[in-house]
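What follows is calculated from the coordinates using simple rules that are stated; it is not laboratory data. This one's a predicted model, so the numbers in the text were calculated from it and none came from an experiment. Here Cβ is always computed from backbone atoms with ideal geometry, including for glycine, and neighbour counts include all displayed protein chains.
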Amino acid sequence: MGLLAYAKSDIGLVRKTNEDSYIFAPPCLYAVADGMGGHEAGEIASSLAVSTLHEYIGKNSGVAEPQKMLRDAIYQANRIIFEMSQQRPECSGMGTTITAVLIEDNTVFWGHVGDSRLYLLREGSLQQLTQDHSLVWELMQHGSITPDEAHTHPHRNILTRAVGTADMLQIDCGCVKCRAGDQLLLATDGLTSMLTDLEIRDILLANMDIALTVDKLVERANAAGGLDNITVVLLRCGS
């Protein structure tokens, strides 16, 4: 099955630095990461996460089972980031989200921590495959707030789980079989906090060139305020 892929990262309209990082390694490995921490610590954390992931997968590709390999790579990133946060005062408390996919034999294996997201668009329907590890997601799951309230909640940036903030880490994993016509979207919350799922779906369905689609997503997020860094990786499964 053929695969088209395109990625873009934008600083947005408010932040002074871009603390997002991403992996674009066709044909099999893609990821987005959104760092957090004072000074440049967030940028360090997200960069370490994607570089560790990329290196680990590169060394173990074809040796380990894909899902285990992805999980172990994220564990490795967690250990490296946490140790640096303990050793360097300027990096204290740093961490990052990670949402990564590894594609093998038309199966998309994914690993996820934090509130970046992986979506699947199939036959006109957009499904969020990952769950946000955030305070507002938990409130929404318990029925305390509605999805609309979650989208604008003042504490929507508070994470309940992140890579590098503790020595132990729980990672969400899953897999999905690719079908012709599927679109897979990895994005940091600079996109998803600015646009609703319906707005994202409509842009993905507009049948534009893949680069134009990614550009439109970023453009619309900035038009809505651009309050955070915006990183998007879009994959399209062909026949």
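Things to note:
- Projected onto its three principal axes, the C-alpha set of the stretch 107-231 covers 41, 35, 28 Å, listed from the longest axis down.
- Partners of Lys216 within straight-line reach, counting lysines whose Cα lies under 24 Å from its Cα and excluding those fewer than 8 residues away in the same chain: Lys8, Lys16.
- Fluctuation leader among Ala224, Ala166, Ala33 - the chain, Gaussian network, Cα springs under 10 angstrom: Ala224
- Candidate cross-link partners of Lys59 among the lysines, defined by an alpha-carbon separation under 17 Å and a same-chain spacing of 8 or more, comprise Lys68.
- Compared with the alpha-carbon gap, the fully stretched path from Gln76 to Glu199 is longer by 40.7 nm at 0.36 nm per residue.
- Zone of Asp215's modelled label, taken as backbone nitrogen in the stretch 1-17 under 20 Å from a point 7 Å along Cα→Cβ: 4-13
- Gyration tensor (Cα) of the chain, equivalent ellipsoid semi-axes in angstrom: 25, 23, 17
- Modelled spin labels at Thr152 and Cys175, positioned 7 Å past Cα toward Cβ, are 4.2 nm from each other.
- Here's how it looks for Ser134: its modeled amide H is under 5 Å from those of Thr160, which are all 5 or more places away or on a different chain.
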